[in-house]
Each structure stands twice: as C-alpha cells, then as structure tokens.
Amino acid sequence: MEEFKKIKNGMTHEEAVKITGFEGTEMSSTEIGGIKTVMYSWENDDGSNMNAMQTEYKGAVWFEVTDERLGGS
C-alpha cells in the first residue's frame, strides 16, 4: 500500500510500474482525434486499489490518479 501513495499525477505508467513492481490491469483504451487514453487498475492483497488514467497527445504524456480505495476488508 505504501507504493500506491508514491504514485503522483504527472508520472508516466512506466514510472508507476517501477514504483509498484506491477503493470496493473488495463481496463480500457481509446484513441480519438490523436489523443490516446488508457485506464489502469492496481489491487493489493489487502483489497486496497487504485485506478489511474494515462493520456498521450503529440508526444506528451499525463498520468492521473483517478480513484483510490485504501484499506480493504
């Protein structure tokens, strides 16, 4: 769970993978008008999880944490 807290907006998916040690699960991927968006999800053994969205446009990449649920049941 500590790894999740280290992932920040503005990172790339590759940076998040280096921190967590996991690729995450690709939940969806779309490309419209040259803008590609991919939604990823990670889940810990304790049930906590995080969703993040990566957007690529003209070589620039944005990575945004969109949902976080800490401390599972």
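No lab work stands behind these numbers, since they all come straight from the coordinates. None of the values given here were measured: they were computed from a predicted structure.
Under a straight-distance cross-link criterion of Cα-Cα below 18 Å, which lysines are reachable from Lys6, leaving out those fewer than 8 residues away in the same chain?
Lys18
For Lys36, go through the lysines and keep the ones whose alpha-carbon is under 19 Å away, minus same-chain ones fewer than eight residues off.
Cross-link targets: Lys58.
Above 20 Å lies some portion of the pair distances; for the stretch 2-67, what is it as a whole percent of all C-alpha pairs?
When every Cα pair of the stretch 2-67 is considered, 23 percent fall beyond 20 Å.
Residues with amide H under 5 Å of Met11's amide H, sequence separation 5 or more or different chain, H placed in the peptide plane at 1.01 Å from N; which?
Under 5 Å from the amide H of Met11 lie the amide H atoms of Phe63, each far enough along the sequence or on another chain.
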